[in-house]
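Comments concern the structure below.
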Amino acid sequence: MALATREVIGILTDNLRLRGSVLPVPARRATRWAREFGLPRGGERVLYTGTMYHIVPYTERLVRLQQRLGSSRLAGLVPLARRLNRLVNGMPLVARPTSEERSEYERVPANVAQLLLRAGVEFGYLYEDDLYTGVLAYDLGAEDVVAAHAKRIAGIFYKYGVREVITIDPHTTTMLRSVFPRFVEGYDVSVRSYLEVLAERGLPVEAPLAGDVVVHDSCVYARYEDVIEPPRQLLAAAGLQVHEPANSRTMTWCCGGPAEALYPEKAAAVAAQRVGQLREAANGVQSECVTMCPICLVNLRKAADGTMAFRDISEYLLEAAKARS
């Protein structure tokens with residue numbers, strides 16, 4: 001028995017409406033990195049994560065559960081699960097990743113914060129008010145729920161006097177920069193990716209890297225937000241030789257996400273095609289692939305099945321910015 005797609009989408013949108021995220025991550029866990037930095041709360045300029053990196057390990061757990069349920073009689077219980085989830089958040093019970101599964105993704109916001117601080121950028125943080133933007137619900141067509149959520153986030157910005165937002169992933173960037181103005185009258189918050197900010201400021205390099213990397217463009221960054229040159233500029237400044245795959249820049253090939261949440265087999269097939277293009281771009285060189293989106297990172301790494309290494313761009317940039325002991 002196949003899972004009821006409508007009910008799965010319903011669970012995700014119910015969560016966004018009731019709990020501020022399609023897959024609620026415990027706020028204390030999602031903000032731990034910022035407390036360690038002692039970042040000020042709010043201010044005119046804030047770093048905004050939208051919990052996108054934090055949410056990926058939970059999504060992966062949910063996808064595995066869907067694949068198991070989809071081939072069993074338990075799939076018929078999804079409508080009941082939706083009704084129960086409206087009363088009690090069931091995600092922590094059914095989609096709980098291990099600390100090892102979370103660690104790499106939870107590290108990225110700290111990487112970005114360190115890079116910005118080293119570049120002399122002053123910023124605050126919203127802590128528990130750093131909410132998921134609703135991008136998956138938007139992609140699935142739940143515009144009414146997303147519109148209400150956009151107004152909620154805009155209200156948070158106004159409450160803290162936020163005028164400028166620095167984002168750490170493409171999906172949060174495009175939601176805050178290109179989608180929210182459609183839903184929130186008078187929305188006038190400036191939104192830039194940290195890659196744009198660092199490219200403008202200049203990457204502070206203390207320990208230049210050496211080696212070859214293949215760059216995978218995020219569809220959202222490249223096609224919708226024109227964030228194409230900044231990552232290449234920063235990787236070159238870090239000392240890396242960048243290789244371009246077939247279908248790069250505005251013609252980049254999709255990683256398969258976020259279709260994975262509903263159609264994991266189709267997403268895996270698309271990701272496998274992309275991995276083939278990335279391997280071909282390496283052309284025999286021992287290259288790693290650089291990603292700049294948590295969804296791309298998890299989908300491509302899974303499709304490669306150990307045949308190619310994938311790392312987030314923030315890892316490379318921070319290595320180059322930190323003096324080696």
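General remarks:
- Candidates GLU200, GLU206, GLU196 - the one that is acidic (Asp, Glu), under 17 Å from ALA238 (Cα atoms) and either outside any helix (DSSP H, G or I) or touching a Lys or Arg at 6+ places or on another chain (Cβ under 8 Å) (or both): GLU206
- ARG28 vs. criteria of a type in the set (D, E, K, R), at pLDDT below 90 and closer than 28 Å to GLN114 by Cβ: yes
Residue-wise test of (1) within 29 Å of LYS322 (Cα to Cα); (2) under 16 Å from the mean Cα position of the chain (by Cα).
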residue: GLU200; (1), (2): yes, no
residue: VAL205; (1), (2): yes, no
residue: TYR224; (1), (2): no, yes
residue: ARG232; (1), (2): yes, no
residue: GLY257; (1), (2): no, yes
residue: ALA268; (1), (2): no, no
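- Hits in the stretch 206-222 - residues which are crowded, with 17+ Cβ neighbours inside 10 Å and not acidic (Asp, Glu): VAL213, VAL214, VAL215, HIS216, SER218, CYS219, VAL220, TYR221, ALA222
- Residue check, ARG279 outside any helix (DSSP H, G or I) and either of a type in the set (Asp, Glu) or at pLDDT 90 or above (or both): no
- Residue selection: TYR187 satisfies the criterion of being in the same structural domain as THR59 (by TED's automatic domain parsing), without any contact (Cβ under 8 Å) to a residue 40 or more places away in the chain and either closer than 19 Å to GLY42 by Cα or not in a strand (DSSP E or B) (or both).
The values are calculated or read from the model by the stated rules, or taken from the named source; none is laboratory data. Note that the structure is a prediction, hence the values are computed from the model and not measured. Here the Cβ is made from the backbone with ideal geometry for all residues, glycine too, and neighbour counts use every protein chain on show.
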